[in-house]
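Have a look at this one.
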Amino acid sequence: MADRGVDLSALPKEVRDQLAELDLELSEGDITQKGYEKKRTKLLAPYIIQAPAPPPQNDVRPPAPSSSSHAAPPSSSSRYRERRSRRTHRSGGTRDDRYRSDIHTEAVQAALAKHKQEKMALPMPTKRRSTYVQSPINTRTPPDESSARRQSSVAAPPPSHLQSPETWANRSAQGSSTSSSASSTLSHGEAKPGQGQPQPQPQYKPQYQPLYQPHHQPHAPPPDVTAVAPPSRGPRVDLPSNAVVRGMSRGQSRSSMMETADGVPVNSRVSTKIQQLLNTLKRPKRPPLSEFFTDDSEEIVEVPEPDPNTPKPEGRQIIPVKGEPLGVVSNWPPALQAALARWGATQGKSPALTALDITGKPLYTLTYGKLWSRSVKLAYTLLNKLGTKNEQILKPGDRVALVYPNSDPGMFWVAFYGCLLAEVIPVPIEVPLSRKDAGISQVGFLLGSCGVGLALTSEICLKGLPKTPTGEIMQYKGWPRLKWVITDSKYLTKPSKDWQPHIPTANTDPAYIEYKASKEGTVVGVAVSKVAMLTHCQALTQACNYCEGETLVNVLDFKKEMGLWHGVLTAVMNRIHTISVPYAVMKACPLSWVQRVHIHKARVALVKCRDLHWAMMAHRDQRDTSLASLRMLIVADGANPWSVSSCDAFLNVFQSHGLKPEVICPCATSPEAMTVAIRRPGVPGAPLPARAILSMGGLSHGVIRVNTEDKNSALTVQDVGHVMPGALMCIVRPDGPPQLCKTDEIGEIIINSRAGGTMYYGLPGLTKNTFEVIPVNANGVPIGEIPFVRSGLLGFVGPGSLIFVVGKIEGLLMVSGRRHNADDLVATALAVEPVKTVYRGRIAVFSVTVFYDERVVIVAEQRPDASEEDSFQWMSRVLQAIDSIHQVGLYCLALVPANTLPKTPLGGIHISDTKQFFLDGSLHPCNILMCPHTCVTNLPKPRQKQPVGVGPASVMVGNLVAGKRIAQAAGRDLGMIEDQDLVRKVHQYLTEALQWRAQTDPDHVLYVLLNAKGVTVGTATCVQLHKRAEKIAAALMEKGSINTGENVVLLYPPGIDLIAAFYGCLYAGCVPVNVRPPHPQNLAATLPTVRMIIDVSKAACILTTQNLMRTLRSKEAAASVNIKTWPTIIDTDDLPRRRPPQIYKPPTAEMIAYLDFSVSTTGMLTGVKISHAAVSALCRSIKLQCELYSSRQIAICLDPYCGLGFVLWCLASVYSGHQSILIPPFELESCLSLWLSTLSQYRIRDTFCSYSVMELCTKGLGTQTELLKARGVNLSCVRSCVVIAEERPRLALSHSFSKLFKDLGLSSRAVSTAFGSRVNLAVCLQGTTGPDPCTVYVDMKSLRHDRVRLVERGAPQSLPLMESGKILPGVRVIIVNPETRGPLGDSHLGEIWVNSPHNASGYYTIYGEESLQADHFNTKLSFGDPQTLWARTGYLGFVKRTELLDASGDRHDALFVVGSLDETLELRGLRYHPTDIETSVSRAHRSIAESAVFTWTNLLVVVSELCGSEQDALDLVPLITNVVLEEHHLIVGVVVIVDPGVIPINSRGEKQRMHLRDSFLADQLDPIYVAYNM
């Protein structure tokens, strides 16, 4: 490397300075590693000694763990080691002393060591490699400015002289001083095994294996989720998992319980029940309407018991603290402008301001004479020269924006004083650099609320502003229209001899407005009156003892706060010479301010801790600088608790340069109260003030306790001196009414003084709460009349009336009733060594509200050279350190690529924007760790199921007493059939119906088949269908030599061949088994299912087309199944004209007509037997419900392979004689509008479709309704559009469909749904008569307890459910408790049992498991009506009596299907339906295309498909976790982000979650990212 042979101490001084500066830039993240190496090599090139030298020995980095080789190419770790060795010449290597305090680092190391013993290993997230790519670093990150973040983190070295704390903390308090507050959070080490989170085994493994090893593994080892097998969704496939063929045997074990019950006995249940009863009597019957929705958090949230050891304040009530009186000096001016006028006239040559160029050399000096004359010129121009001759644009009192860069203090001074002289109100703001600036629209809000229409700026600045292509200045988002005025001297007009600016005595009118950004990001303007401005300057002059003609070096921003108050206002009042050192100079030359103090023998310097730190970093052999001239080193952010160590460290380095300890003066300020307190310059040799060492535990409870025991959680704070002259100060509680604190209590500092802000300009409501506070005593009685101003600082009064500040309200995080300071958390995070992972100055800490509490989030910028392993290790150590030291659990820790966090104008992090990005999902982290399990401690208690010991009698009596109906409902009677021709008993078989139709009405067209163009490609009249069926029957008997009752597989695309083959089988006396043909493009996935059904059904023969026959015997097919063992295959394309010897007629109607095979959503293949009797009963029922007869036409766009789809496609027309227009759903892929245009063209009244068809139309045609209208598509003819499904109605999809196509005339009442299940193919079907389907809103909390409680629309936690269609004629349903098998009342959720003549006869299984069949098909209730035989649908639902009337005039009973029993998740003792959780997840972010949930060892796993860029993948993790916690009170265990199309969907458009679960466990998903939430 470049510096191998260089003796650094022998280098010339300027080279050493440049090297130090480079090191600083690298540590701040201002320069990339590559840039650093390049510049450094260039600097050292002339001094390199050619002989190779051994590498330095001082590199103590432990050998890289073998695992890291996965995370980064090996070379990078060796490069890293070399870099480390090169950097060691800096003090402390990579240690960054601004953030350091040995105590704090020691504390963190101790905390981490403790955790090491507890062996806590976190499972590392898995990522697809491409996601690692860091975004390029386009811009250099400037070092941070927002002090509160930056120095945020130094802790204090222990002071050698501590004043005894007894003087101000009562002795009695000592007893309870170190109570631990572990009650409210769990530290990681104690993650209780029973608490629903499997204990990971403590071992680190290479990157690729997630370290997750739960104790119990019912399925398989956890997924190593990185194998590459990108599945394309392609055709939808029915995939049975693990070839389970039985009934529903597998499902029941799935809903694994979350064992979170703490075993708390529920003894007070009876009394609470009585209380509840009383409350219900008081309450109105229906839950209230939205305006009155009460927040139900009381019922939901588990409130932790208060810890008896919590420290409580015990002192007496605080007495207001008075500052010394503000002295009156005879020559103090009556207004600040008067002082300027005086110096301009009498001391014109005296220097007022020296500005520096970028190299730190003086650029120009503005004298008091020049400042006065230019300000007068500007004032004259503003008042007289802006408009045309006779109109005045600006009037005194108008507000004007000042837009000047930090490098140009001179122009700003002139503008500011010019405005004061013109009596217009200046509003200084930052220069807007782009439309994307953080918080730019909020600045617009400020300008709007202040009514600003004019902006002053310099010519150079104006040139640099972003312009539109036409050259106008860009209009920023949210900004009012501004007129820009250039204030350079050459554009100003000299006033006439007789014009003098008007300088009145200071009054209460606003003098200027200072901007302030609040915690939420809103920017408000604090108005400072003329008298307050003057009084503040006088108070500062008295407190700091300013003398006329002194020199002051100012490093702060001169536009606001201390930089403005001292460096612009008080300086002019006292004719001080200010040397302004801009931020850019400090970046280039961090020592510049020290050099300026030395050169100008400055008496006062105005700095932040950041500047002390930079000076130390850059300080090498500055032997010749002397700080002996300083009488005051004012530390502007001395109120930050971490400033104390910066001050100490700076003193250590510079004491040898003449810096006296007593000149360091920390102070506390806020925009509202202005200067609150400042330490007065000390007398040489006097003892320095004491420090306070406080217990963090006490602080989190708002109590001052001296830390005596655990030095790991101590905070050392220095005082900020005494209250300002002429001010009165109190400390009040920060929340609730402003009640005075006790002496040992932390509270908000409030000030009464003439020198403070007067209001938030234009915001009277906010003003009242901040500027007009009247403190009250413990009884709530005001202590006086005087209004105080809230300073936003938290602190207490120490001994000798010294003020101590421990944090800001803005940085306060209230978690579970305890207060934590954001800066303290930053400090702890940065004390976790080694910080080679993140940039020190680029850390943001904030809290987000999730599930009724604040949750702490830390976001940091990751260095580009940090490996995954390093980052993950650093993150897990930060978690442990914060948990141990602050006793608070982190909710989320995110690392983002370098340079991507929004910046404030001076380089700090814009916290509120960062928080907004986090909540919007646009932060794009490259690493994330969520720990909801540790920090969410307020989840409701798990439900404990009551033993099922309640007898039937008591349930019946209970239902009667409660006045509940037993939940049951029935369709109307099937009765006699109206169609007289069919009444004759002979037609109880479909075959007879077909023969009869072929004779009586041979040319009636039963079927019309359309292709993608909407062209008829096939029709079948009654006689044609009969003839084709005969041919097929003959072929079966001859070619297939089939015996009666044998099973025959039908393998056809949707069409008329399938129908003919079905009847052919019936004619031949064999049992058809309809199977979806394999997809030619995806044989590997689809053919095994076909093979399985053929094997399971023991088919003797396969009927199919020529094309499919070729496919079955192809090479491709041979790759996935054994093609040599197919049964006989008969191709039915060209059959000879033959008739069978006779048409088979079954001896009884109980014989099996056909087998219906289908793959359930849980991935189970089930075949059910449908008898001839069931077929004709079902057809008759549908005929009645839908009023079908020969003259009717219906359109069917469904897959004809199982369930009701098959019945409508193949059976109903033959039975009822109506014409069916068949639209194969796959044709819609090439012509989306096919179905809708067919409905319009044929004027169809009744149509049947599936959800997948509806979704295709909604997504694909949503934007084309105008186009369809132009083509003449009109849907006003459609009176019923029924979705055929075996699931809960998809309300949102139906609504969107109705809304979208309303323009085409579709009636909102037309869309409805049907419901069928395996045991009964059609339980409900809307039909044409009867009331419209109704929608109810049920309370989701009750639903989880299997109770049904109706609420109003829009109620919190409400779930809309649509009725699943009307119950078919001849069908009875009853709602039953699946465990006890007893009937339930109508306010309960239970399993739907059905009794009807068209129930299936049983499962077709080759194992003959009769018990299973009996259970599902012929079950009796355990009490009530023990005679009737019921079939169990396996679906949960409820029955509600509605206000609507049915045909017979009775009130209509509606059946609502909630979800499949097999699919429900049982977590925390409650029953969840996956679709509810998935709906919430899909709403969480626009990039989530589809999601599915399942459980794995008690953990909830959410799989989400990402439709955005992979950069968004990690944004989804916190959003998904938040939404599930908020809406379902569940903690997500694993979040898996995958590509679109990975979640398997079956032909009915239902998600196959169990199949997904198996793929996840078998590691076949190739996820983009897997996050394991702690």
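Viscosity 0.890 mPa s, temperature 25 °C: give me the Stokes-Einstein translational D for the stretch 625-679 in µm²/s, with Rh taken as the Kirkwood radius over C-alpha pairs.
207
Further, regarding this structure: Could you sort 1230-1242, 602-614 so that the peptide with the highest average Cβ count within 10 Å comes first and the rest follow in order?
Result, highest mean first: 602-614, 1230-1242.
Where does the stretch 1265-1364 land on Rg(C-alpha)/(2.2 N^0.38 Å)?
1.27
Highest mean first, what order results for 1308-1317, 1335-1344 on Cβ atoms within 10 Å?
Result, highest mean first: 1308-1317, 1335-1344.
What's the local net charge at VAL427, with K and R +1, D and E -1, over the other residues with C-beta under 11 Å away?
Net charge in that neighbourhood comes out at +1.
Running Debye on the stretch 727-871 with equal point scatterers at the Cα sites and no solvent, what base-10 log of I(q)/I(0) appears at q = 0.15, 0.18 Å⁻¹?
-0.89, -1.09
Ranking request for peptides 716-722, 1251-1257: highest mean number of other beta-carbon atoms within 10 Å first, then the rest in descending order.
In decreasing order of mean packing, 716-722, 1251-1257 become 716-722, 1251-1257.
Given H placed on each backbone N at 1.01 Å, which residues far from LEU793 in sequence or on other chains put an amide H within less than 5 Å of it?
Answer set, sorted by chain and number: ILE749, ILE809.
What residues qualify as long-range amide H neighbours of SER1387, i.e. H under 5 Å apart, gap of 5 or more or another chain, H built at 1.01 Å from N?
Placed amide hydrogens put nothing under 5 Å from SER1387.
I'm a student and want to see the number: the projected area of the Cα convex hull of the stretch 647-698, averaged over all directions, in nm².
Approximately 5.5 nm², given one-decimal rounding.
Working from the pairwise distances between different alpha carbons, so that the mean of 1/r is found and then inverted, what is the stretch 1228-1302's Kirkwood radius in Å?
Kirkwood hydrodynamic radius for the stretch 1228-1302: 12.7 Å.
Please go through the residue pairs LYS601/LYS903; LYS1013/LYS1124; LYS477/LYS915; LYS463/LYS519; LYS114/LYS836 and name each one whose alpha carbons sit more than 28 Å apart in this structure.
LYS601/LYS903; LYS1013/LYS1124; LYS463/LYS519
Okay, moving on. Over the stretch 1072-1121, with a single point scatterer placed on each C-alpha, what log10 of the ratio I(q)/I(0) does the Debye formula yield at q = 0.12, 0.13, 0.16, 0.18 1/Å?
Debye output, listed in q order: -0.23, -0.27, -0.41, -0.52.
Going by amide H atoms built from the backbone, whose H comes under 5 Å of the H on TYR512, apart from near neighbours?
Long-range HN contacts for TYR512: VAL528.
With the cut-off at 22 Å, report for the stretch 1040-1138 the share of all Cα pairs above it, as a whole percent.
Across the stretch 1040-1138, Cα pairs with separations above 22 Å total 23 percent.
Now for a separate question. Using only Cα atoms, what Kirkwood radius does the stretch 1120-1237 have, in angstroms?
17.5
A further question on this structure: Find the centroid of the Cα atoms in the stretch 1469-1486 and in the stretch 741-780, then give the distance between the two in whole Å.
45
Separate question: For LYS1299, which lysines qualify as cross-link partners when the Cα separation must be under 22 Å and same-chain residues fewer than eight apart are set aside?
LYS1259, LYS1269
Mind pulling the per residue volume of the convex hull built on the Cα atoms of the stretch 331-478? Å³ is fine.
With only Cα atoms used, the stretch 331-478 gives 151 Å³ per residue.
Roughly how many whole Å is it from the C-alpha centroid of the stretch 314-336 to that of the stretch 355-373?
35
Then there is this: Could you work out the Kirkwood radius for the stretch 560-628, taking every pair of different alpha carbons, averaging 1/r and inverting it, reported in Å?
The Cα-based Kirkwood calculation yields 12.9 Å.
For the stretch 663-822, what are Rg and Dmax over the alpha carbons, in angstrom?
16.1, 51
Compute the distance from the alpha-carbon center of the stretch 1425-1462 to that of the stretch 1286-1344, in whole Å.
Rounded to whole Å, the Cα centres lie 15 Å apart.
Same structure, new question: Report, for the stretch 1129-1268, the % of DSSP beta bridges that are antiparallel, rounded to 5.
Antiparallel bridges: around 45 percent, rounded to the nearest 5.
Ignoring any ligand, DNA or RNA, what whole percent of the accessible area of the stretch 1395-1536 comes from carbon and sulfur when the probe is 1.4 angstrom?
Of all accessible area on the stretch 1395-1536, carbon and sulfur atoms account for 48 percent.
Take the Cα pairs of the stretch 1434-1574, get the Kirkwood Rh, then feed it into Stokes-Einstein at 4 °C and 1.567 mPa s and tell me D in µm²/s.
79
The values are calculated or read from the model by the stated rules, or taken from the named source; none is laboratory data. Please read these numbers as outputs of a predicted model, since none were measured by experiment. Counting neighbours? That spans all protein chains shown, and the Cβs are built from the backbone with ideal geometry, glycine included. Surface areas here come from the heavy atoms of the whole protein model, side chains and all, with no ligands, DNA or RNA. Shrake-Rupley method; radii C 1.70, N 1.55, O 1.52, S 1.80 Å.
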